[in-house]
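The values are calculated or read from the model by the stated rules, or taken from the named source; none is laboratory data. Note that this is a predicted model, so its numbers are computed, not measured. Cβ coordinates were reconstructed from backbone atoms using ideal geometry, including for glycine residues, and neighbour counts include every protein chain displayed.
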Amino acid sequence: MKEKLTLLLVILAAGYLLLVFGLYWFQTQIVFQRKTLKEEHKFEFDEPFTEFKIKGSAGALINTLIFNPPIAEPKGTLLYFHGNADNLQRWGNYAVDFTKIGYQVVMIDYTGFGKTRGTPTEELLYQNAEDVWKWTQHHLPAKNFIIYGRSLGTAVASHLAVNHSASQLILETPFYQLKQDRLKYFFPFGLKYEFANHKNIPLIDYPITIIQGTNDWVVSLASAQKLIPLLKPTDNFFVIEGGGHKNLRDFEEYHQLLNDIL
């Protein structure tokens, strides 16, 4: 009986270690849940847009979409950095939230997402953001630049905001630090991606707005609230009651908030 119990414990321990090391090995696929697109893919949206590619400093051609508002002179340009899944075919549908209030919207697919070829890494995402920032400064006339990040894109946005002055930074469903949120339970031996909002936010000297829901099962409200002590007294932290990780735009409060701050 003792030998059988020992064997069972050994099997369970071995199975656990295999699971942990398997998760660690495949964490790139878990963190970056991207979907690639063929070059001939035709984007379809309810509003007009322009598609083109920006030549990145790392050699990649960054697939980019620009959505223009239905007014002659945009109020400004909003750089939108999306979450860790899918591609611009999904995220482009959210541009209307900003074009309808007068903003030009620039969206990119990170390296490895959509039509942007390559394998994503944390540093490459930061470089993608830097490349699109430089492109906008040279090619778009609007001077009122807003940096907007959602979910994983909040860390990309906050990293960019440290190095460049904008009118404001808006973070939707941000985490304190990726490896300290819910993913830590799956990677007890460490997550190799940092994505550290908590390091970036104290270094940003212009207005920051954070938007978070109470029912977010991906990024906990508690994780986002840990960022509050790092904000300036003039920054904003808004909580949408009942809001989840993927549905904040379904709430009227979200659109009213965007209208107020933009």
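Once segment 202-253 is narrowed to residues that are of a type in the set (Phe, Trp, Tyr) and part of a strand (DSSP E or B), the residue that is farthest from residue 166 (Cα to Cα) is 238.
Considering only segment 110-122, state which residues are under 22 Å from residue 41 (Cβ atoms) and crowded, with 18+ Cβ neighbours inside 10 Å. 110, 111, 112, 113, 114, 115, 116, 120 - these are the residues of segment 110-122 that are under 22 Å from residue 41 (Cβ atoms) and crowded, with 18+ Cβ neighbours inside 10 Å. Picking from residues in segment 123-175 that are charged (D, E, K, R) and in contact with a Leu (Cβ under 9 Å, 6 or more places away or on another chain), the one that is surrounded by the fewest Cβ atoms within 10 Å (Cβ to Cβ) is 130.
Here the helices (runs of 4 or more DSSP H) wholly within segment 86-180 that include at least 2 residues being at pLDDT below 95 are 122-139.
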